[in-house]
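Structure first, then comments.
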Amino acid sequence: MSLENPRIVLIGAGSAQFGYGTLGDIFQSEIFRKRDAHIVLHDINPKTMATVAKTGQEFIESHQLPFTISATTDRKEALAGADFCIISIEIGNRFELWEQDWQVPLQYGMRQVYGENGGPGGFFHSLRIIPPILEICGDIAEICPNAFIFNFSNPMSRICTTVHLKYPGLKFIGLCHEIASLERHLPKILDIPFEKLQVQAGGLNHFSVMLEVRHQETGEDLYPEVMEKAPAYFKDLAQPLLSPQEQQGEESVPLRKGAWHERGLFRTIMEKFNLLPITTDSHFGEYIPWAYETVDHKGILDFYNAYKVYVMNSQPRIALKLTERVVPIMEGILEDESYIEAAVNIPNQGFIADLPNFIAVEVPATISKNGIQGIPIGDMLPPGFTGLLQNQVAIHRLTAETVLSGSRDVALQALLVDPIVDKVAAADKMLSHMLEIQNKYLGYIR
């Protein structure tokens, strides 16, 4: 790795949201400033990429920043000499395909609550997006095998699992901002600043729970207090329809007040499993067959519609402020900081007891010059929640096998082991339907 003039490659940089947001994150970094970092933008769309590159260069010049920037549609050229690669891509018309993932299974009687990461919708999303990510990783393995690769694309855990099965030597890390919900809510629930709390969470991406919360100074276990106070707090919470990361500084964001907004399943997990989820119904509910009965469907639809309108109408801009955790992680590697990052997605390797090593889990990690070292949480997860996680093991394995083999038979098995799918003939017909309407992306499955 180049400690001076590090080369950071943004893959999918033609997206203004990703490109501008990540450039702003990097530009605000004093560590990357003093190291004269070079940023490479890569995208398959030369027009949108050129716009991001032009805006980035103008920002560098107007703020007199010590960065250089280049752009190319040639991925191999972009990756040459890369120290860090950040991937954020989507395939095809994002919302059109997402709605197919969501609505078609519902038409066949599969009671899924969303359609992005888990359940049949998450499966079809995986089949589209994992192949191009594997192609990117194949180039990285050939050109810059020692680079650190950070993935923001979903479905996170299925992507990470498949990449590590195909390319076990790559430093491929999945990142998600859901963990930030604890920083947002715990200080208000406990009336204690977050920096005085010691918090651990774990599970699978979008399917994680808080495992521990203690007072930094006294070591006192604060989980019982959280469970006592959280119901009243969340019941009356005025919840933004978009997260702070998605707002990106927008001043006016719709609110929905009270009534456990998007937290019907959240409340059930608290009551029945005595655990605090770190995300909301739309994500958590994709993995649980009885979630359809308990989730806040209106809250999920409100969020989806607001998010779709926001993405289609927002005008992202570069801002000198930190929005995602990838820059502090890269800084921690360069500076050998040995700090603890709250949540990363990496192969299990014993970090969570009772889950196999191959599956990508979400756990805390130490960040240093040695890279990202997961911190074992062992058997901190209660057996009940571990059982819910174990339901995903075969699904993740068969998703990877479907992508790697292109077998329709394996694809059907992947659906039939999913607890969301409870109809054999309907699952077979649904699979044929999706392979037909998404043939442009799923034609390799036969």
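Odds and ends about this structure:
- Exposure rank, largest accessible area first [380, 110; 1.4 Å]: 380, 110
- Part-to-part distance (alpha-carbon centres) for segment 357-391 and segment 21-40, which is given in Å: 30 Å
- Our Cα-only numbers for the chain put the radius of gyration and Dmax at 21.3, 63 Å.
- Global geometry of segment 307-351, whether rounded, prolate or oblate, following the gyration tensor of its Cα atoms and the 1.5 cut on a/c: oblate
- Using a Gaussian network model of the chain in which every pair of alpha carbons under 10 angstrom is joined by a spring, one finds that among 151, 93, 305 the greatest mean-square fluctuation is at 93.
- Whole-percent carbon and sulfur share, accessible surface of the chain, 1.4 Å: 49 percent
- Highest-first arrangement of 337-343, 417-423, where packing means the average Cβ count within 10 Å: 417-423, 337-343
- Net charge contributed by nearby residues that have their C-beta within less than 13 Å of residue 197 (K/R +1, D/E -1): -4
- Each Lys or Arg adds one and each Asp or Glu subtracts one; over the other residues with Cβ under 13 Å from the Cβ of residue 50, this totals 0.
- Taking the average, over residues, of other Cβ atoms within 10 Å as the packing measure, peptides 21-28, 33-40, 210-217 rank 21-28, 33-40, 210-217 from highest down.
- Using θ = phi - 60° and Karplus 6.51 cos²θ - 1.76 cosθ + 1.60, couplings along segment 423-436 (whole Hz; Gly, Pro as x): 9, 6, 4, 5, 5, 5, 5, 4, 4, 4, 4, 5, 5, 6
- Counting only heavy atoms of the protein chains and using a 1.4 Å probe, residue 166 has close to 100 Å² of accessible surface.
- Accessible surface area normalised per residue over the chain is 40 Å², counting heavy atoms of protein chains with a 1.4 Å rolling probe.
- Residue-count net charge about residue 342 - beta-carbon cut-off 9 Å; Lys, Arg +1, Asp, Glu -1: -1
- Rolled with a 1.4 Å probe across the full set of protein chains, the surface gives residue 235 an accessible area near 100 Å².
- For residue 288, residues with placed amide H under 5 Å, excluding near neighbours: none
- Annotation: peptides 314-320, 190-196, ranked by per-residue average of other Cβ atoms within 10 Å with the highest first, follow the order 314-320, 190-196.
- Using C-alpha pairs below 8 Å separated by at least 6 residues, the relative contact order for the chain is 17 percent.
- When only Cα pairs below 8 angstrom with a gap of at least 6 residues are kept, segment 27-115 shows a relative contact order of 26 percent.
- Computed from phi, the 3J(HN,Hα) profile of segment 27-40 under the Karplus parametrisation 6.51, -1.76, 1.60 (θ = phi - 60°) reads 4, 7, 7, 5, 5, 6, 5, 6, 9, 6, 5, 10, 10, 10 Hz, with x in place of Gly and Pro.
The values are calculated or read from the model by the stated rules, or taken from the named source; none is laboratory data. Please read these numbers as outputs of a predicted model, since none were measured by experiment. In this analysis, Cβ positions are derived from the backbone assuming ideal geometry, glycine residues included, and neighbour counts consider all displayed protein chains. Heavy atoms of the whole protein, side chains included, go into the accessibility calculation; ligands, DNA and RNA do not. Shrake-Rupley method; radii C 1.70, N 1.55, O 1.52, S 1.80 Å.
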